[in-house]
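Quick notes on the structure that follows.
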Amino acid sequence: MSVAVWATFAWFHQVALQDAQAQGNAAMQRLASDLMVSVDKFEHLPYLVGAEQTLTRALLGPDDADRIAQANRYLVFAQKRTDVAAVYLMDTDGHTLAASNWDQPSTFVGRNYRFRPYFQDAMTGSTGRFYAVGATTGEPGFFIAAPIFQAASVIGVVAVKIDLNAFEEKWRAEGLQLALSDDKGILFLTTEPQWRYRSLQPLPSAMATELQNTLQYGPLTPVALGGREGPLPGPTIQTMTIDGTGYLVQGQALDRFGWNLLLFANPADPRARAILAAELVAMGLTLLLLLMALVWQYRRRMAERQASMRERAQVVAELEQRIASRTAELTAANDAAVQTGKLALLGQMAAGISHEISQPLAALRTLTDNTGKFLERHDTDNAGNNLRLIGELCTRMGSIVGELKAFARKEPARLEPVLLSHVIGSSLMLIEPIRHSSGTRIQTNDAGLRVMGDPIRLEQVLVNLLRNAMDAMETQTERIIDIDVGHTDDGQVRLSVHDRGPGLSPEVRQHIFEPFFTTKPSGKGLGLGLALSNAIVREMGGRIEVANTDIGARFDLILQPAPQVPEAHVRAAH
């Protein structure tokens with residue numbers, strides 16, 4: 001009996017550990033994804049900020065007080081719009097010339113950070129990433145740095161500082177014991193304050209010297225939590241003793257940054273489940289022995305045996321009911337956890353594509369309503385034409401999903417011959433609900449010209465220009481937009497969007513393609529639409545020109561003409 005109880009305990013303990021491991025891995029994958037998304041959204045911020053010519057002028061004229069003042073104002077603007085902890089500009093010697101906190105007592109201006117690895121990586125032309133305690137403020141943060149080029153040479157570095165401390169409170173709110181370690185095994189984010197800046201294992205002297213040189217965690221040299229040595233914990237549960245207390249530990253690697261997310265659990269929980277199972281087995285074996293005793297007494301006391309068997313049978317039934325109920329509860333809890341994970345994944349997918357397909361869906365609704373009216377009138381020609389357009393919109397939405405996948409893989413633009421009349425038609429279909437509600441009239445001409453470009457991205461640029469034009473005429477009674485297609489003097493193709501609005505001031509024209517610059521009220525745009533449109537057109541070998549006319553503003557897309565090929569080979573943009 002003792003052997004059976006021990007075997008039951010061992011088996012159920014192993015099962016409980018496997019369940020804890022599976023649930024822990026699911027939780028860490030979710031939390032790691034949340035952390036990576038929060039960091040990745042700032043990945044390209046230093047490059048966007050560094051594209052501002054104000055910073056280049058400051059680097060080329062560091063002794064010009066006016067240029068430095070302009071750079072400080074722009075960095076304050078970028079910091080407030082993106083809600084990062086700080087943004088600052090350094091020259092090639094690591095000396096800080098301008099910063100978003102230039103007017104604060106703990107300003108970075110005048111400080112030298114050439115000893116920081118993120119600065120050294122950026123000076124090589126790559127992206128620098130580094131988590132450390134601020135050498136000036138003493139506040140920890142994640143630093144992302146990017147080089148600023150003049151011709152082919154690095155002339156300076158832009159760095160942003162991101163505060164990740166909010167994740168500690170978020171993890172505590174979920175009731176989890178979590179820690180984030182760097183590639184050296186040092187814990188820098190943790191729900192346990194006494195573990196912060198301590199290592200999972202003793203540090204070699206060379207590593208300790210490196211930490212002192214980079215001041216990654218201030219003047220402190222991290223002290224090991226215990227005497228453990230070896231690789232960092234992985235997905236499989238391991239046991240670890242920290243300051244005399246035992247834990248079950250498993251890890252989720254964040255290879256991109258060399259970090260490891262660690263989940264700590266109480267080893268008593270799996271043991272409690274195993275003990276409960278062993279107790280149930282012991283009770284069952286005891287009942288079996290009692291039944292054998294009753295059989296032995298069968299001949300002597302038939303009546304007593306029957307009564308005793310009924311009582312024992314009732315006890316057995318109750319125990320089986322408890323076991324079945326407990327098993328059903330555990331199964332339901334596991335199913336709920338799986339379903340929650342599925343719903344979370346569906347939510348992330350829906351959030352990623354809902355915005356991109358909202359306009360095609362609105363156009364589908366309009367075409368469907370019109371088709372019904374045409375069928376009521378027995379107008380099969382127009383109904384058939386609408387059904388063809390509906391099919392094209394379905395293909396268009398499939399292209400949008402494919403484009404989102406291509407964007408996630410950071411693929412270059414796919415240049416091919418594109419008929420501009422199809423691009424214009426698809427773009428007008430996408431903005432039809434907005435055009436109709438605003439009372440705008442759009443006039444076009446069809447020159448039958450083709451260009452080399454990516455049809456989906458050309459539609460994105462044209463839709464952005466048309467929406468900006470409608471916004472520019474928002475306060476006017478007569479709202480007309482002209483779309484004109486023709487050739488430039490040097491043989492390139494010009495696609496013009498001409499509104500009847502108030503035009504653009506000299507200041508707006510000077511900054512119109514700069515990131516974060518916008519004339520729209522707060523909440524209606526981040527000022528990235530024209531900057532991204534300009535980048536898309538340049539990737540296709542073209543450019544965007546802007547000018548004022550007597551009746552409004554005109555934006556010209558100057559594109560490369562497509563070679564002369566049969567029209568059957570020209571891909572229409574759907």
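The values are calculated or read from the model by the stated rules, or taken from the named source; none is laboratory data. Quick caveat: nothing in here was measured; it's all calculated off a predicted structure. Don't worry about glycine lacking a Cβ; one is built from the backbone with ideal geometry, like all the others, and counts go over all protein chains shown. To get the accessible areas, we keep the full protein, side chains included, count just its heavy atoms, and leave off ligands, DNA and RNA. Shrake-Rupley method; radii C 1.70, N 1.55, O 1.52, S 1.80 Å.
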Under 17 Å from residue 547 (Cα atoms) and without any contact (Cβ under 8 Å) to a residue 12 or more places away in the chain - does that describe any residue in region 492-506? yes
Mind counting the residues in region 153-169 that are without any contact (Cβ under 8 Å) to a residue 12 or more places away in the chain and either of a type in the set (Asp, Glu) or crowded, with 16+ Cβ neighbours inside 10 Å (or both)? 1
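Using the structure shown, decide if residue 548 is among the polar types (S, T, N, Q), at pLDDT 90 or above and surrounded by 13 or more Cβ atoms within 10 Å (Cβ to Cβ). Steps first, answer last, please.
Numbers: among the polar types (S, T, N, Q): yes; at pLDDT 90 or above: yes; surrounded by 13 or more Cβ atoms within 10 Å (Cβ to Cβ): yes.
Spelling it out, residue 548 is indeed among the polar types (S, T, N, Q), at pLDDT 90 or above and surrounded by 13 or more Cβ atoms within 10 Å (Cβ to Cβ).
Collect the residues in region 1-42 that are of a type in the set (D, E, K, R) and either part of a helix (DSSP H, G or I) or surrounded by 14 or more Cβ atoms within 10 Å (Cβ to Cβ) (or both), keeping them in residue-number order.
Quick first cut of region 1-42, residues of a type in the set (D, E, K, R) only: 19, 30, 34, 40-41.
Scanning region 1-42 gives 19, 30, 34, 40.
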Quick count over region 417-434, residues being among the polar types (S, T, N, Q) and under 32 Å from the mean Cα position of the chain (by Cα), is 2
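Within region 489-520, take every residue that is among the β-branched types (Val, Ile, Thr) and open to solvent by 30 Å² or more (accessible area, probe 1.4 Å) and give me the one that is modelled with the highest pLDDT. Full working, then the answer.
First, the residues of region 489-520 that are among the β-branched types (Val, Ile, Thr): 493, 497, 508, 512, 518-519.
Subset that is open to solvent by 30 Å² or more (accessible area, probe 1.4 Å): 518-519.
Working: 518: 74, 519: 71.
Ranking the qualifying residues of region 489-520, first place goes to 518.
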Run down 150, 70, 120 and say which single residue is open to solvent by 50 Å² or more (accessible area, probe 1.4 Å) and in contact with a strand residue (DSSP E or B) (Cβ under 8 Å, 6 or more places away or on another chain). 120
Per the filter on region 435-469, residues over 16 Å from residue 556 (Cα atoms), within 31 Å of the chain's Cα centre (by Cα) and without any contact (Cβ under 8 Å) to a residue 40 or more places away in the chain are none
Candidates 284, 251, 218, filtered to the one that is under 38 Å from the mean Cα position of the chain (by Cα) and either part of a helix (DSSP H, G or I) or at negative phi (or both): 251
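State all residues of region 139-153 that are under 20 Å from residue 257 (Cβ atoms) and not in a strand (DSSP E or B); if no residue qualifies, say none. Break it down stepwise before answering.
Narrowing region 139-153 to residues under 20 Å from residue 257 (Cβ atoms): 139-147.
139 - this is the single residue of region 139-153 that is under 20 Å from residue 257 (Cβ atoms) and not in a strand (DSSP E or B).
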Which numbered condition residue 448 misses (of (1) part of a strand (DSSP E or B); (2) on the phi > 0 side of the Ramachandran plot): (1)
So, residue 136, is that one open to solvent by 10 Å² or more (accessible area, probe 1.4 Å), part of a loop (DSSP other than H, G, I, E, B), in contact with a strand residue (DSSP E or B) (Cβ under 8 Å, 6 or more places away or on another chain) and of a type in the set (Ser, Thr, Tyr) or not? no
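Let's see how each residue does on (1) open to solvent by less than 20 Å² (accessible area, probe 1.4 Å); (2) within 25 Å of residue 4 (Cβ to Cβ); (3) at pLDDT 85 or above:
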position	(1), (2), (3)
223	no, no, no
258	no, no, yes
272	no, yes, yes
290	no, yes, no
Name the single residue, out of those in region 436-482 being basic (Lys, Arg) and at pLDDT 90 or above, that is most open to solvent (accessible area, probe 1.4 Å). 441
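Give me the residue from region 154-194 that is in a strand (DSSP E or B) and of a type in the set (Gly, Ala, Ser) and, out of that set, farthest from residue 258 (Cα to Cα).
We begin by selecting, within region 154-194, every residue in a strand (DSSP E or B); these are 154-162, 177-181, 186-190.
Still in the list and also of a type in the set (Gly, Ala, Ser): 156, 159, 179, 181.
Numbers: 156: 26, 159: 20, 179: 14, 181: 9 Å.
Among those that are in a strand (DSSP E or B) and of a type in the set (Gly, Ala, Ser), it is 156.
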